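Structure first, commentary second.
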Ligand code: ADP
Ligand code: MG
């Protein structure tokens, strides 16, 4: 006898379910993409585990995903012969927040409490999208290697509770049955389902099979008991293994969307095959818009760059394959020469991987440079989304510091108002003869930077000053002392560039002001290091300046804020 156990979803899961089902209404159809993506992940996992344990594939080595429907029962079924789940895994993976991004998802939704369809897959809450179209979902699953009687049946109406019971499941893998809600019958249609598979899942690397159209009987009805014959509904080729010349832009974009769970087109991509003592393929994309987890600072769990070895998916290896400041990159790396049973620990100290990582960084920087040259509008949008992330590279990647600096754009006293359009090359290109430094000012915001009294003397002398007002700028500038042989200097620090006439004037003024300076020094005492006559100001009577090695006021302020 089997006993049915009823359990409540964890509170957060109920919340996610509510959010997902209510706000995904206009993007209902992505349930199919998400369930197929889970089935594909399950096939990947089995293929990987079977490297060490070939018995897991026993008798059923062709991994595939089957999508079928039943008009009378009003169900859609997505079945895979992948890894399957044990009872504990079912409880942990669907129904609790333990192993998914559920909590982060809720945080990201924040006060707005509205789920954006783009985000569902990124946060590991894809399974719940089933409840957008289904009033009841049944999952039958059996872990690879487990006996048929050790299967599990999970069922829920998505309203706070689910049931679990032991079940006999004849084949390995997972079957998800969606019992459609009233009004969702449009999905019970061969043409519609096929179109969705092609739209969202064409590049899933396993065959997605659908029943062939049932033969039409003489009376015009479909024969009810014709055994289903399956045919492939997707392309199922690993896109990156095909020659570039044979892949259309549309195919590249479709692959990106499936890979990045993104609705938007990618901004650009680069696809390369390296042959030689070590051979590998890279297909790397720059997204056009930031994914949510990047904005949320989701640095601990970086996804988006998949490592394959000879077309076998090994793991998400963004951290091993790319530095942090390029964490927005999405893509695939397929290596020929790494051992298939490679573990994360081995990867971290692998010299072949070091080389691949170096190649990835180079390709991505090449790609961004190309975008900056060839597609200024896209490049501007890209910098808006990821410019501040890229700035981290100035600190993180000393080797490529100058290359990265060249890609950045800033607001400037000779720029386009608040818009960040001025490159360091632009600046250097219009430096006055004899000017030997790149001047900048830092502040909390553009207005404060542009209105700084420190700029008066520079304006008077027609010297350009970069206006830095992003939080990260101080940190970045602390590591960017030089560009193109010119040193970068804060306007409040060090000596102003003076010409001979100025110098003479200043000496005169200093002499004349000597009694005043003495008096001021006496009055201010220990509170200042020195009181000097300056050429810094033209309108304001006085200002605070810093010696060369002092902290900029803005940085001092930031550090105080963070309690240091
Ligand atoms: P994600 O796929 O991002 O982890 P989902 O909500 O889509 O988030 O799925 C949650 C988890 O449920 C998966 O990580 C996986 O462990 C499990 N799961 C879902 N579908 C399947 C399946 N077809 N086979 C095996 N495990 C599955
Ligand atoms: Mg998923």
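So if we plug the beta-carbon distance of residue 352 and residue 237 into 1/(1 + (r/R0)^6) with R0 = 35 Å, what FRET efficiency do we get, rounded to 0.05? Kindly include the intermediate steps, with their values, before the conclusion.
Details: r = 26 Å, r/R0 = 0.74.
Step by step, r from the Cβ atoms, then E = 0.85.
For the pair residue 73 and residue 11, what calculated FRET efficiency results from E = 1/(1 + (r/R0)^6), where r is the Cβ-Cβ distance and R0 = 41 Å, to the nearest 0.05?
Working: r = 33 Å, r/R0 = 0.80.
Efficiency for this residue pair is about 0.80.
Could you tell me how far the Cα centroid of region 5-65 sits from the Cα centroid of region 509-527, in Å?
Result: 75 Å between the Cα centres.
So how compact is region 375-509: Cα radius of gyration and Dmax in angstrom?
When restricted to the Cα atoms of region 375-509, Rg and Dmax are 15.4, 54 Å.
Work out, in µm²/s and without decimals, the Stokes-Einstein translational diffusion coefficient of region 318-430 at 25 °C, 0.890 mPa s, Rh from Kirkwood over C-alpha pairs. Each step should come with its number before you reach the end.
Numbers: Rh = 15.7 Å.
D = 156 µm²/s.
Rg to Rh ratio, region 305-369, alpha-carbon atoms and Kirkwood radius?
Working: Rg = 11.3 Å, Rh = 12.0 Å.
Radius of gyration over Kirkwood radius for region 305-369 works out to 0.94.
Could you sort the peptides 506-513, 479-486, 400-407 by per-residue average Cβ neighbour count (10 Å cutoff), highest mean leading?
The most tightly packed comes first, giving 400-407, 479-486, 506-513.
Calculate, for residue 377 and residue 229, the FRET efficiency according to 1/(1 + (r/R0)^6) with r their C-beta to C-beta distance and R0 51 Å; round to the nearest 0.05. Walk me through the intermediate numbers first.
Details: r = 50 Å, r/R0 = 0.98.
FRET efficiency, residue 377 to residue 229: 0.55.
So how do 45, 257, 310 line up by other beta-carbon neighbours within 10 Å, fewest first?
On the way: 45 15, 257 21, 310 12.
If I rank by nearby Cβ atoms, fewest first, I get 310, 45, 257.
Between residue 345 and residue 508, what is 0.36 nm times their sequence separation minus the Cα-Cα distance? Round to one decimal in nm.
On the way: separation 163, 0.36 × 163 = 58.68 nm, distance 6.88 nm.
My answer for the length gained is 51.8 nm.
At 7 Å along the Cα-to-beta-carbon direction for both residue 337 and residue 366, put a label point, then send me their distance in nm to one decimal.
1.8 nm
Arrange the peptides 133-142, 4-13, 351-360 so that the one whose residues have, on average, the most other Cβ atoms within 10 Å appears first. Working shown, then result.
On the way: 133-142: 21.5, 4-13: 14.1, 351-360: 16.5.
Going from most to least packed, we get 133-142, 351-360, 4-13.
By how many nm would the segment from residue 245 to residue 444 lengthen if fully extended, with 0.36 nm per residue of separation less the alpha-carbon distance? Please report the intermediate quantities before stating the final value.
Working: separation 199, 0.36 × 199 = 71.64 nm, distance 4.86 nm.
My answer for the length gained is 66.8 nm.
Every read-out reported here was derived from the displayed coordinates using simple, explicitly stated rules and does not represent laboratory data. Not measured: the values here are computed from a predicted model. Note that we place each Cβ from the backbone using ideal geometry, even for glycine, and neighbour counts take in every protein chain shown.
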